[in-house]
Structure formats: structure tokens, C-alpha cells
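Every number in this text was worked out from the coordinates using simple rules, so none of it is lab data. Values in this document were obtained by computation on a predicted structure and should not be read as measured data. Because the Cβ atoms are built from the backbone with ideal geometry, glycine has one as well, and the counts that use them run over all protein chains shown.
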Amino acid sequence: MSQQYTVAIAGATGAVGIEMIRTLEQRKFPVKKLRLLASERSIGKKLKFHGADVVVEELTENSFKGIELALFSAGAERSRTFAPAAVSAGAVVVDNSSAFRMDDTVPLVVPEVNPQEVAKHRGIIANPNCSTIIALVPLWPLHKAAKITRLVAATYQAVSGTGAKAIDELEGQVRAWAAGQPMTKGVYPHQIAFNVLPQVGPADASGYTQEEKKLLHETRKIFGDGHIRVSATCVRVPVFRSHSEALFIETEKKLTAAEAKAILAKAPGVILKDDVNANQYPMPIEASGHGEVIVGRLREDSSCDKGLALWVAGDQLLKGAALNAVQIAEILYGIKR
Ligand SMILES: NC(=O)c1ccc[n+]([C@@H]2O[C@H](COP(=O)([O-])OP(=O)(O)OC[C@H]3O[C@@H](n4cnc5c(N)ncnc54)[C@H](OP(=O)(O)O)[C@@H]3O)[C@@H](O)[C@H]2O)c1
């Protein structure tokens with residue numbers, strides 16, 4: 001029998017954690033035993049794994065005895081507190097939070113881009129920010145072909161990117177509107193239903209938000225290119241699931257739209273869907289539930305000589321989080337698919 005692994009999911013009850021469980025099932029990841037961890041609020045809750053109930057336990061420093069793989073999706077604070085305990089207990093941590101991404105000793109991995117980094121881990125491997133992953137899967141083959149020197153991005157980020165409570169907030173506001181009732185808010189500072197919020201996370205003195213800065217710093221680390229210039233505007237939109245992004249790149253070598261499409265048509269993890277006159281382009285509603293990033297509206301940028309404009313959509317709970325993490329674990333253990 002091929003090797004099986006004892007796996008823990010920290011944050012198993014959250015938006016990403018639930019997708020982690022489903023992704024392990026769907027990819028038939030060789031799980032010997034699964035331990036589901038969350039806050040004390042969820043103790044005793046039962047979640048299904050391959051049809052059987054698994055009882056949720058509280059995440060503590062003692063949760064990781066005998067665990068070989070710990071998938072973390074319980075927020076950066078919990079990762080900082082508990083990931084070192086998991087590593088001390090002998091587990092390899094794949095972390096979805098921002099806690100360790102910019103740590104020089106921690107690989108930051110998108111399997112389609114820099115899988116070779118996995119082997120350099122010292123106990124923790126970081127999953128990049130969801131918008132970064134969705135942008136870089138299609139941009140990497142273009143970077144290899146023509147060297148991207150500058151990226152300007154505008155994101156259209158779904159509420160599930162904020163977690164389970166934000167999904168409830170959008171649904172509650174839509175229901176209240178339909179019933180003619182006043183809307184309540186708690187997660188976002190403004191109504192999200194029928195609105196867009198041009199702020200994802202706190203901003204610093206530069207005026208950029210943390211989410212926007214992640215696109216800059218993580219792109220440089222993952223591409224291994226400290227010079228690429230990135231400017232992003234991250235926007236929350238009233239979409240339940242899957243992020244979309246308008247990406248404008250400048251390249252060192254000119255790529256025609258036809259050349260770029262030919263590259264993307266063969267790129268791993270990418271689906272090219274690009275026929276605007278037939279109304280065919282990436283949309284979050286179609287990206288949802290799929291592991292690939294869909295790319296379309298690809299055209300030469302009319303405002304610069306060596307530039308391309310494209311529109312992408314990807315499921316940020318899957319490729320932006322759970323799937324990317326499980327793919328990292330598959331590379332770690334040499335599991336071929
Ligand atoms: N959502 C996305 O699209 C996405 C994408 C990429 C990365 N991420 C990252 O993934 C992480 C989880 O995000 P999410 O969207 O899944 O959030 P979420 O839906 O709010 O879920 C948070 C999870 O963490 C657990 N948790 C919260 N406080 C805890 C505590 N004190 N002790 C133990 N467990 C605790 C929650 O357990 P209870 O249910 O018991 O409260 C829940 O399982 C975050 O770091 C986020 O930045 C999210």
C-alpha cells in the first residue's frame with residue numbers, strides 16, 4: 001500500500017478549511033488520519049470526510065502529536081502561535097496566512113511557478129495571498145517568454161475572501177433588501193450588497209493597502225525578481241466566490257496578443273477563454289469550483305509599446321488557498337497526479 005499521512009487542518013470550520021477537506025477528498029490525498037481543529041466555539045462539531053464524521057477539536061499547542069502534515073487556515077495570529085508547535089511536533093506546516101510569507105527562510109510557493117522551492121522548507125511552507133496566486137499562474141509563462149517589468153492590477157475580490165462571516169453578511173444584506181428591511185453590517189465598514197469597496201485591509205503611509213503591497217512583495221519573491229514593479233488597487237465586490245483581476249503588464253520583449261494567447265493556451269493551470277464577440281471571457285461565476293485560472297480579454301495595450309492587457313478569474317478558495325496548499329503537499333511527498 002502506498003504511503004499515507006496523518007493530516008491536521010487548523011481552521012477546519014472556516015471558508016478555506018471546508019475547502020481543504022473537500023480538496024483532500026477530491027484529489028484522493030493519501031490521508032491515514034484527519035484531525036480537524038478550530039476555536040473552542042466549534043468543539044464537538046462534526047464535519048464529514050469521505051462520508052464519515054470527524055469531530056472538531058480545539059486548536060492548542062498539543063494538537064499536533066503524531067501529525068505529519070498541518071494545513072493552517074485559522075488566521076495569521078493562530079499561525080504565529082501554533083505553527084511553531086506543529087513543527088516542533090514533527091509536522092510540516094503549509095500555511096495560508098500572511099504570517100510567514102515574507103520570511104526569507106520560508107518558501108512561498110505557487111506550484112505552477114516555483115515548485116522547486118518546496119524542498120527548501122525548514123518546517124513551514126507559505127501559500128501566497130489569493131490575488132497573487134490568481135495573477136501569477138497566467139503571468140509566469142508570459143514572464144518566462146518576455147520578462148515582465150511592470151504590472152498594474154485592479155482586483156475584484158469576492159466576499160468569501162474575507163471568510164465565512166462575510167458570506168453571511170452579503171447574503172443577509174441581499175435578503176434584507178429583497179424584504180424591504182434595513183441592512184445590517186459588521187464585517188465591512190460599508191454596505192457590500194450592490195456596492196464596491198475600494199479598500200481591502202488597512203493602508204500604510206504610502207496610501208497602499210496591505211493587500212496591494214502583498215501583490216508587490218509576493219510577486220517579487222515568487223518570481224525571484226526583485227525589480228519587477230507592481231501597482232495594485234484591490235477592490236471588494238458583492239460576489240460570493242472567485243476573484244477577478246484586470247492585469248496590465250509591460251514586458252522587456254514585445255509579445256503580440258496572438259503570441260501571448262498561444263503561450264497561455266498551453267500553460268499549466270490556465271484556461272484560455274477569449275472570444276469577446278461571442279461573449280466568452282472569464283467570470284467569477286464560472287471560475288467557482290474549478291482549480292484553473294481562466295484568462296481572457298487579452299489584447300495589446302494601446303497605451304504602451306510592449307504591453308498586454310488581460311482579465312482573469314479564479315476561485316480564491318481553491319487555487320487561491322486550499323488547492324494550492326494541497327498541491328504543495330503533493331510536491332512535498334512526491335505524489336504524482
Ligand atoms: N478566504 C479566502 O479566500 C482566503 C484565501 C487565501 C488565504 N486565506 C487565509 O486563510 C485563513 C482563513 O481564512 P478563512 O477565510 O477561511 O476565515 P474564516 O472563514 O473566518 O475561518 C477561520 C477559521 O479559523 C478558526 N479560528 C478563528 N479563531 C480561532 C482561534 N482563536 N483558535 C482556533 N481557531 C480559530 C475558525 O474557527 P471557528 O469556526 O471555531 O471560529 C475557522 O475555522 C486566513 O489567514 C486568510 O487570510 C483566506
Legend entry - Rounded to 5, percent antiparallel among DSSP beta bridges of segment 1-119: 20 percent
Legend entry - Gain on full stretching of the segment that runs from residue 259 to residue 337 - 0.36 nm per residue minus C-alpha separation: 25.2 nm
Legend entry - DSSP-defined beta bridges in the chain - what % are antiparallel, rounded to 5: 45 percent
Legend entry - Cα-based Kirkwood hydrodynamic radius, segment 229-337, one decimal, Å: 15.3 Å
Inset, instruction - On a C-alpha basis, how far is the centre of segment 229-285 from the centre of segment 316-337 in Å? Whole number, if you could? - result: 22 Å
Legend entry - Pair residue 304, residue 206: separation of 7 Å Cα→Cβ label points (nm): 1.6 nm
Legend entry - Centroid-to-centroid separation of segment 52-91 and segment 1-51 [C-alpha atoms, Å]: 11 Å
Legend entry - Listed pairs 185/213; 48/336; 261/306; 221/306 exceeding 18 Å between Cα atoms: 185/213; 48/336; 221/306
Legend entry - Inter-site label distance for residue 80 and residue 185 at 7 Å from Cα along Cβ, in nm: 2.8 nm
Inset, instruction - With a cut-off of at most 12 other beta carbons within 10 Å, and DSSP calling the residue loop, which trypsin sites (Lys or Arg not before Pro) in segment 68-159 qualify? Please list them. - result: 122
Legend entry - Taking the chain and dividing mean pair separation by its residue count, relative contact order in percent (alpha carbons under 8 Å, at least six apart): 18 percent
Inset, instruction - Report, to two decimal places, the Cα Rg of segment 230-273 normalised by 2.2 N^0.38 Å (N = number of residues). - result: 1.49
Legend entry - Long-range Cα-Cα pairs in segment 132-316 (distance over 21 Å), rounded percent: 52 percent
Inset, instruction - Please tell me the relative contact order of segment 1-65 in percent, rounded to the nearest whole number, where contacts are Cα pairs under 8 Å and at least six residues apart. - result: 32 percent
Inset, instruction - Kindly provide the Kirkwood hydrodynamic radius of segment 161-246 in Å, to one decimal, from all pairs of distinct alpha carbon atoms. - result: 14.7 Å
Legend entry - Cα-based Rg / Dmax (Å) for the chain: 20.0, 60
